[in-house]
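Asks: I'd like to ask some things about the structure below.
The values are calculated or read from the model by the stated rules, or taken from the named source; none is laboratory data. No experiment lies behind these values; they were computed from the predicted model shown. We place every Cβ from the backbone using ideal geometry, glycine too, and count neighbours over all the protein chains shown. Areas reflect the complete protein model, heavy atoms only, side chains present, ligands, DNA and RNA absent. Shrake-Rupley method; radii C 1.70, N 1.55, O 1.52, S 1.80 Å.
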Amino acid sequence: MAELKIVSVGDVPWHEVKAQAHPGGRRVSVWEKFLEWSPERMAIYARYDPGMVVERHGHGSDHFVFVLAGEVLVGDRPCPAGTHLTLEHGAAFGPLVAGPEGATLYEVMTGDPRALPADPAGFAELLASRGIEPLPNPPVPWPGWLAPRTDHQAGPRASSPAGGAAAGNDPRSDLGG
């Protein structure tokens, strides 16, 4: 039966889902709050730390992104706050590079949300040219019905929402300098 679901962003913990070591020893991450996660759809409130680089990828679903704050470079296209992106099932975008203030995004995927890397060799070259070292993906509260991660830095999965290594952490406290 259809139902109304209401979730407050403030009631959902942050999860570090991707991490990199940038020059100077600065840890840079993607943080997400899973507002809804079902086989039919996923809704995410996301925060990219300044300078975060995400590989060119697609998804096994349509993917909608709205930039709420900051800026993200998608390929060669700057996408400041107020920008909407539609990535159709089968298409790829990126690399994505968070601007100097980072980026806050609202994302919705209508099916399998796992990232499907589109250019692993190009991503490795890009990271090397910037002196960035990819770190293993932190564990996330991965649902049992979803197959394992498919992205470049695939790592362990947590067994429950409380199992995420960064559950409850506020990403703004880990921005570094």
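Asks: Would you mind checking the tilt of helix 120-129 against the longest principal axis of the Cα atoms of the chain, expressed as 0 to 90 degrees and rounded to 10?
Replies: 50 degrees
Asks: Here is a further query. So, in nm, how far is label residue 69 from label residue 84 when the simple model puts each one 7 Å beyond its Cα toward the Cβ?
Replies: Computed distance between label sites residue 69 and residue 84 equals 2.2 nm.
Asks: For the chain, what does -39500 (n - 2.57) per DSSP helix run (n ≥ 4), summed and divided by total residues, give at 222 nm, in deg cm²/dmol to the nearest 500?
Replies: Per the formula, -1500 deg cm²/dmol.
Asks: Also: May I ask for log10 I(q)/I(0) of the range 26-129 at q = 0.16, 0.17 Å⁻¹, from a Debye sum over the Cα atoms as equal point scatterers with solvent left out?
Replies: Normalising to I(0) and taking log10 leaves -0.67, -0.76.
Asks: Enter the accessible area per residue of the range 1-159 (Å², integer; probe 1.4 Å; all protein chains in place).
Replies: Here the residues of the range 1-159 average 48 Å² of exposed surface.
Asks: Turning to a different aspect of this structure: Calculate how large, on average over all directions, the projected area of the Cα convex hull of the range 44-88 is; give the answer in nm² to one decimal.
Replies: With the hull built on Cα positions only, its mean projection is 3.4 nm².
Asks: When the chain is modelled as a GNM with alpha-carbon springs shorter than 10 Å, which of 136, 78, 23 fluctuates the most?
Replies: Taking springs between Cα atoms under 10 Å, the residue moving most is 23.
Asks: Still on this structure, please answer the following. Could you rank 29, 8, 129 by how accessible they are, 1.4 Å probe, largest area first?
Replies: Result of the area sort, largest leading: 129, 8, 29.
Asks: While we're on this one: Is the C-alpha gyration tensor of the chain telling us rounded, prolate or oblate? Criteria: a/c under 1.5 is rounded; beyond that, a/b larger than b/c is prolate, otherwise oblate.
Replies: It comes out rounded by the Cα gyration axes.
Asks: Would you grab the residues whose amide H sits under 5 Å from the one on residue 142? Only those 5+ places off in sequence or on another chain, please, with H modelled 1.01 Å from N.
Replies: Sorted by chain and number, the residues that satisfy this are 158.
Asks: Continuing with this model, one more query. Using a 1.4 Å probe on the protein heavy atoms, what percent of the accessible area of the chain belongs to carbon and sulfur?
Replies: 55 percent
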